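The values are calculated or read from the model by the stated rules, or taken from the named source; none is laboratory data. Keep in mind that what you see is a predicted model, and the values were worked out from it rather than measured. Glycine gets a Cβ as well: all are built from the backbone with ideal geometry, and neighbour counts include every protein chain shown. Calculation scope for accessible area: heavy atoms of the full protein, side chains included, ligands and nucleic acids excluded. Shrake-Rupley method; radii C 1.70, N 1.55, O 1.52, S 1.80 Å.
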Amino acid sequence: MSQRPLTKRQKEVLTFVADHIESAGFPPTRNELAKHFGFRSPNAAESHLRALENKGVIRIEAGHSRGITLTGLSIASLPAVSTRRMPLPLVGRVAAGSPILAQENIEHEYRVDPVLFSSRPHYLLRVEGNSMRDAGILDGDLLAVHRTPEAQNGQIVVARLDDEVTVKRFKRSGHMVSLLPENPEFQPIQIDLRHQELVIEGLGVGIVRPHIDN
């Protein structure tokens with residue numbers, strides 16, 4: 001998915017779509033978009049929607065006048081919105097070698113209020129195992145993740161090591177990184193960055209129990 005920044009007009013269109021979904025319960029039509037923004041025709045509205053789709057913040061369903069769906073990336077594109085419940089994609093088992101938000105990894109979407117978390121989340125990751133038990137992160141929990149390639153010592157990270165994605169506490173000293181569990185039954189993972197690649201996919205910013213309402 002693209003993370004290219006939106007133009008001012010694209011942000012305005014995305015905000016209108018999100019507000020319409022929030023207030024009416026469904027997205028606007030092209031005609032409604034054209035009327036609101038004073039476009040000369042619905043084709044101009046369609047062009048803006050296609051640009052938003054190309055940047056990964058909406059999905060368009062062909063053949064449906066209201067076939068517009070917000071994606072999890074739309075949250076990061078609307079930083080001024082603090083109370084809107086917006087969709088977060090739920091990532092299950094990550095396919096080897098695929099981007100974490102690749103379609104084959106996404107199981108579902110939940111509507112969650114982003115203000116519940118310490119930083120704005122971009123997706124939910126289903127936790128497997130109890131290596132982070134003592135940090136309150138249990139098997140089957142949904143970890144809210146803020147996408148960033150950087151981490152500070154002591155932060156809980158989603159890290160990719162080879163084709164495996166893991167949730168651990170981050171510690172770095174020089175070229176050595178330790179991915180630390182929060183359960184004495186598990187051993188730390190040691191990485192020498194001179195010989196092995198480590199990718200930080202994001203930071204854990206909160207937990208959602210899987211019984212939440214969609």
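Accessible surface for residue 39 stands near 40 Å², nearest 10, in the context of the full protein assembly shown (1.4 Å probe). Sorting the segments 53-63, 125-135 by their mean number of nearby beta carbons within 10 angstrom, highest to lowest, gives 125-135, 53-63. Rolling a 1.4 Å probe over the protein heavy atoms leaves residue 146 with an accessible area of roughly 50 Å². Of all the options 204, 38, 154, the one that moves most in a Gaussian network model of the chain with Cα springs shorter than 10 angstrom is 38. Roughly to the nearest percent, how much of the accessible area of the chain is carbon and sulfur, given a 1.4 Å probe? Carbon and sulfur: 48 percent of the exposed surface of the chain.
Put simply, the amide H of residue 132, placed in the peptide plane, has neighbours under 5 Å in 182, leaving out anything fewer than 5 places away on its chain. Accessible-area rank, largest first, for 36, 48, 108: 36, 108, 48, with all protein chains present and a 1.4 angstrom probe.
Taking all protein chains into account, the per residue accessible area for the chain stands at 52 Å² (1.4 Å probe). Note on the chain: with charges restricted to the Cβ of Lys and Arg (+1) and Asp and Glu (-1), its dipole about the Cα centre is near 940 debye.
A straight Cα-to-Cα reach below 19 Å connects residue 35 with the lysines 8, 11, residues fewer than 8 places away in its own chain not being considered. Ligands, DNA and RNA excluded, the heavy atoms of residue 69 present near 60 Å² of accessible surface to a 1.4 Å solvent probe.
Couplings 3J(HN,Hα) for segment 153-165, derived from phi with the Karplus relation 6.51 cos²θ - 1.76 cosθ + 1.60 (θ = phi - 60°), are 4, x, 7, 8, 10, 9, 10, 10, 10, 6, 9, 9, 10 Hz, where x marks Gly and Pro. Residues whose amide H comes within less than 5 Å of that of residue 202, counting only those at least five positions distant or on another chain, are 148, 158 (H built at 1.01 Å from N in the peptide plane). Each 10 Å bin from zero holds the following percent of Cα-Cα pairs in the chain: 8, 31, 31, 18, 9, 3, 0.
Comparing mean-square fluctuations of 157, 165, 91 from a GNM of the chain with C-alpha springs under 10 Å, the top value falls on 165. Approximating the spin labels as points 7 Å out from Cα along Cα→Cβ, the residue 47-to-residue 183 distance works out to 5.4 nm.
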